[in-house]
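The values are calculated or read from the model by the stated rules, or taken from the named source; none is laboratory data. Since the model is a prediction, treat every value here as computed from it, not as a measurement. Here the Cβ positions follow ideal geometry from the backbone for every residue, glycine too, while neighbour counts run over all protein chains shown. For accessibility, only protein heavy atoms count, side chains too; no ligands or nucleic acids. Shrake-Rupley method; radii C 1.70, N 1.55, O 1.52, S 1.80 Å.
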Amino acid sequence: MLAGIGYELIPYGVGFAVTVALQATLPLAARRTSHPSQGPRGRGAREGEAGTLGRDPSGKGYITLNFFNLFWIFVVASVLGLLMEEIVHFLFVVPGQWQDRAGLLFGPFSPIYGCGAVLMTIFLNRFHKSNWLVIFLVAAVIGGAFEAFVSLFMQYAFGAVAWDYSNMPGSLFGGRTCLPFMACWGLLGVVWIKLLLPFMLRLVNFIPWNWRYMLTTVAACFMLVDAVMTLQALDCWYMRLSHDPVDTPIQQFYDHEFGDAYMADRFQSMTIVPSDAVRG
């Protein structure tokens, strides 16, 4: 990180790729030496073939709330949410203008939709057989509260404003959320629980069993690094705009690799006003 990104990292990348390939083939070799019905991997393979992998075996909820399921819900919803938001902006908000509305430093991810989908899945998991109106109301409250919390955190921590609904009808909490967008969250909750969640589980079942743990581990590590570097980059951006940069190797790294122009182009819907932040 302190030296930047350059060609000297290629050997390490090759070594990492070889390690990943070996890690992926070892479980397959081990499985060939044992009976497919033995152990959790055998049961998982049968569930995958039946299309039921990830379902809650107790029947109380739709899915099992484990790390594997919730992580891929976060990833899929982050991508789908970003795509949906960019299409809506292109068609209705500013017709003909394509705006990058990504929420992380790397990749096509909008974590607010990923976190929202995880929260909705956790709270609505047992409501999957309920009336759609119940799901709509619960999802609207969860989505609106989460959106307001994220807006409050971003503004108080970094002086950043990514959305402002003050001019919208039914504006709540100083424009941090509003009734129309809460209704959108409610509709998304219904579509997610009734349609998209079953589709996502079927999609995840296509991941080969011997790749499943390895792929999840690598992807989780990438998302963690992406999130941490995003927060650090935003913090350094805030420090530069407040004319109070700290002369540390980390600050120098982000100033060089992710300067003001890069951050403004990456987070096109975000503005930072240092005076709005509440920091010691």
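Brief remarks on what is shown
- Packing, taken as the mean count of other beta carbons within 10 Å per residue, orders the peptides 197-204, 172-179 from highest to lowest as 172-179, 197-204.
- Summed side-chain charge close to W185 - residues other than W185 whose Cβ falls under 14 Å, Lys, Arg +1, Asp, Glu -1: -1
- For R176, the shell of other residues with beta-carbons less than 11 Å away shows a net charge of -2, using +1 for Lys and Arg and -1 for Asp and Glu.
- Amide N of the stretch 156-185 lying under 15 Å from the label point, which is placed 7 angstrom from the Cα of D244 along Cα→Cβ: 156-160
- Order by protection proxy (mean Cβ within 10 Å, highest first), peptides 259-271, 130-142: 130-142, 259-271
- Between Q251 and K60, the simple label model (points 7 Å from Cα in the Cβ direction) yields a spacing of 5.1 nm.
- Across the stretch 194-208, computed HN-Hα scalar couplings (Karplus, 6.51 cos²θ - 1.76 cosθ + 1.60, θ = phi - 60°) run 7, 10, 6, 4, x, 5, 5, 5, 5, 5, 5, 5, 6, 5, x Hz from first to last residue, x flagging Gly and Pro.
- The residues neighbouring L80, those whose beta-carbon lies less than 14 Å from its own, together hold a net charge of -1 under the Lys/Arg +1, Asp/Glu -1 convention.
- Residue-normalised convex hull volume from the C-alpha trace of the stretch 154-280: 158 Å³ per residue.
- Packing-based order for 118-129, 216-227, using average beta carbon neighbours within 10 Å, highest first: 118-129, 216-227
- Between the stretch 90-159 and the stretch 164-228, the Cα center-to-center distance that results, in Å: 6
- Per-pair calculated FRET efficiency, R0 = 22 Å: W132 and A183 via Cβ, rounded to 0.05: 0.95
- Shown for the stretch 148-201: the carbon plus sulfur share of the solvent-accessible area, taken with all protein chains present and a 1.4 angstrom probe, equals 77%.
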